[in-house]
1. Taking region 210-230, which residues are surrounded by 18 or more Cβ atoms within 10 Å (Cβ to Cβ), over 13 Å from Asp152 (Cβ atoms) and under 24 Å from the mean Cα position of the chain (by Cα)?
2. Any residue in region 125-143 that's within 17 Å of Ile84 (Cα to Cα) and modelled with pLDDT of 90 or more: show its pairings with residues that are of a type in the set (A, V, I, L, M) and surrounded by 15 or more Cβ atoms within 10 Å (Cβ to Cβ) at Cβ separation under 6 Å, as long as the two are six or more apart or on different chains.
3. Among the residues in region 173-188, are any hydroxyl-bearing (Ser, Thr, Tyr) and buried (at least 18 other Cβ atoms within 10 Å of the Cβ)?
4. Condition check: farther than 26 Å from Ala160 by Cβ and without any contact (Cβ under 8 Å) to a residue 40 or more places away in the chain. Does Lys281 satisfy that?
5. Is one or more of the residues making up region 275-282 among the charged types (D, E, K, R), in a strand (DSSP E or B), modelled with pLDDT under 95 and under 21 Å from Gly24 (Cα atoms)?
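The values are calculated or read from the model by the stated rules, or taken from the named source; none is laboratory data. This structure is a prediction, so every number in the text was calculated from the model and none was measured. Positions of Cβ are backbone-derived with ideal geometry, glycine not excepted, and every protein chain shown enters the neighbour counts.
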Amino acid sequence: MRFKSVFLISLMYPAFIFAEDLNGIWKGTLTQEPGGCYPQYFIELQMNFSNNEIIGKAYDYYDTARFVKLSFTGHYDPQTHHMILAENRVLESKIPDYCIPCVKTYDLVYSKNQNEEILEGDWRGHVDGAMSECPPGKIYLKRTTNSEFRTDIEQNDTLAEIQKSIRLAPRAKEVVKTMTVESPKIKIQLYDNGEIDNDTITVFINDKLLLYRQRLTENPLLIDFYAFPNTDYELVMYADNLGSIPPNTALMVVTAGRKKFEVFLSSSEQKSATVRFVYKKE
């Protein structure tokens, strides 16, 4: 196997073992043996990394108008700098009719050359919806700060279907706070602020519906998401009603790494409380 020499080097020189933060955007090229639609594609991995576990989105694309978007999960071994990523679902496909999406597994090794971070290795896969194999190939990526596609917030299927049908009255956004966090994993808790008076809220992050008509109480409503470095995130709290004591108010507690923030939010029929986040590495 082509990675054997890399593993031996890692074992021979344990001083070079170090912990990486692989969270972020990786872009490069993906080649395919004869039989695929194109001999070479571009590829972008939007990778969320925590405790050596990985989730994210992959874009295989010829150009930004012809692409396949897939979700993936994986695991990283910091001693060998080796990772396995497995795509599990086609989320969107905009390719010619004669092409069929391939669901892939990547076998990658991380390396660093001065300031350049690299992932490279092999991939294999099967045709989406079938067990027939795709022609395999090679993959080579570098970490970058810019995405060719919009970075996503995770949203379950139920909320995705609801978002297609809801029609909310437009309201002004009032920015309550802008915060910089030092961890990509962000936990948000929303409580009723003061007396519990049947306030209900709908919450979006970057226009993605994450809470729909949820009642604020002394028990928190929870949102967890991963942030990409130097990417702007905007949380909007839309008041579904004003409760028995207007306006609709909430206490938001944000935990990111070792830091915790408290923000008081107030939304009405004219405006929606808004909080902006950006993740910058320590």
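1. Across region 210-230, the qualifying residues are Leu211, Leu221, Ile223.
2. These pairs meet every condition: Gly125/Val103; His126/Val103; Ile139/Leu30; Leu141/Leu119; Lys142/Ile118.
3. Yes - at least one qualifying residue is present in region 173-188.
4. Answer is no for this residue.
5. Among the residues of region 275-282, not one is among the charged types (D, E, K, R), in a strand (DSSP E or B), modelled with pLDDT under 95 and under 21 Å from Gly24 (Cα atoms), which makes the answer no.
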